[in-house]
Amino acid sequence: MKVSKTTSCRAIRRYLLIFTAISLLPLALIYLVWNEQLQKIKGFEDINQTRLPLIPDYAVQTLSPAEMQRVGERMEARRERLRDKCTDFGLDVLGHDSWHTPNTWEFLVNKKYHIIWCNVFKAASSSWMFNFNVLAGYSPSYLRKTKKILLNLARERYPRVSLEELREAQNDSVTFIIARNPFERLLSAYRDKMVFALPYSFHDKLGRSIVRNYRKKQTLLARSANTKYPSFPEFVHWLLDQVKRGSFIDMHFVASTSFCTPCLIRFDMILKFESLAEDQLYLIEKTGLKRVIAPVWRNMGKGGRKTNELQRQFYSQLTRQEMLELYEYYKYDFELFDYDIQEYLLLAKPNESTDNNPQR
């Protein structure tokens, strides 16, 4: 009797468990459907097993067919110029210096969405670092509030690649670069990293070092300032000395041609800072990512001054000779991406050096 009672209790418990499981199954299914719909309402869907925020249809920005065709023709003209200038300057030939050695160090390769970018600092780099982090799976809300450096976050998801790995990924991807007027980019970097350097940061210490070594130089005395950061002429003299010595050039100041070696690595699209509004919409459309990423403008400069006004203020502090020496370092950026130095030469102070135009 005792054994029979125990057996009966076990059977009852088993039936109760089965009944409970059957009863809860509809509730579980309801929860899964509800959760999926809730995620969609919040703007999330599962795409290739990665949950990315989707841009609502009404907020998607696009170009008209005519605009797409016009920008496409513009891209082809830029690629053609790049090819021609690379050949003219012999930059498409392998060598042993930084101009003739393929450099993959700053490429971000997203294999899932087939898009590759060489990150030129101070050329909409903050904006596209944000987008590449979104493609890596970080939510936009997290990226907007985090105190972490976006580049460091990106490198957690985008390891550096070898040349062979890059070229393999390029077989089914769009590779792009963003070009900017070299002198405009340099001034933006100077103001960001020297004038507005964070206290005790690397660039703050570098700026103080430049002041110590250049402020009392005879050729710069009249153009010195009573500031803890270097004046623009002091900074330019330091940079030119770095170039002459063959020293390492900071990634914010280095020439784009040396940084991304566009004559040795194929680029499918060349976006330009001046036409970026259209160019990036074209890129996003061509990569099929218009529901995932959007044109964003981040870190649009400090001080609230217009670009043209700043160009006049700072470049008018340089002599013509200093301007030409600076041009010699950035010459390939000017030529490959179709920029002109002449407007800057009009701002320069006169000097006693030979007053010839640079070799064009």
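The values are calculated or read from the model by the stated rules, or taken from the named source; none is laboratory data. Please read these numbers as outputs of a predicted model, since none were measured by experiment. Positions of Cβ are backbone-derived with ideal geometry, glycine not excepted, and every protein chain shown enters the neighbour counts. When the accessible area is computed, the model is the full protein with side chains, heavy atoms only, and any ligands, DNA or RNA have been set aside. Shrake-Rupley method; radii C 1.70, N 1.55, O 1.52, S 1.80 Å.
Return yes or no: is L346 more than 26 Å from L91 (Cα to Cα) and at pLDDT 95 or above? Considered against the rule, which asks whether it is more than 26 Å from L91 (Cα to Cα) and at pLDDT 95 or above, L346 comes out as yes.
The residue of the range 82-135 that is least open to solvent (accessible area, probe 1.4 Å), among those that are of a type in the set (K, R) and either touching a strand residue (DSSP E or B) at 6+ places or on another chain (Cβ under 9 Å) or in a loop (DSSP other than H, G, I, E, B) (or both), is K122.
Test of understanding: among R312, R291, R266, which residue is surrounded by fewer than 16 Cβ atoms within 10 Å (Cβ to Cβ) and out of contact with any strand residue (DSSP E or B) (no Cβ under 8 Å at 6 or more places or on another chain)?
It is R312.
For the range 52-63, name all the residues that are over 16 Å from L283 (Cβ atoms) and either open to solvent by less than 60 Å² (accessible area, probe 1.4 Å) or not acidic (D, E) (or both). Listed by number, the residues that qualify are L52, P53, L54, P56, Y58, A59. Name every residue in the range 231-248 that is within 20 Å of F314 (Cα to Cα) and in a loop (DSSP other than H, G, I, E, B), in order of residue number. Passing the criteria: only S231. Scanning the range 231-255 for residues that are within 18 Å of the chain's Cα centre (by Cα) and either open to solvent by less than 10 Å² (accessible area, probe 1.4 Å) or of a type in the set (D, E) (or both), we see that the one that is nearest to L336 (Cα to Cα) is A255.
Might you check whether a residue that is at negative phi, open to solvent by 20 Å² or more (accessible area, probe 1.4 Å), outside any helix (DSSP H, G or I) and in contact with a Lys or Arg (Cβ under 7 Å, 6 or more places away or on another chain) occurs anywhere in the range 156-176? Yes, that holds for at least one residue. Note on the range 197-230: among residues that are under 16 Å from Q317 (Cα atoms) and in a helix (DSSP H, G or I), the one that is most open to solvent (accessible area, probe 1.4 Å) is Q218.
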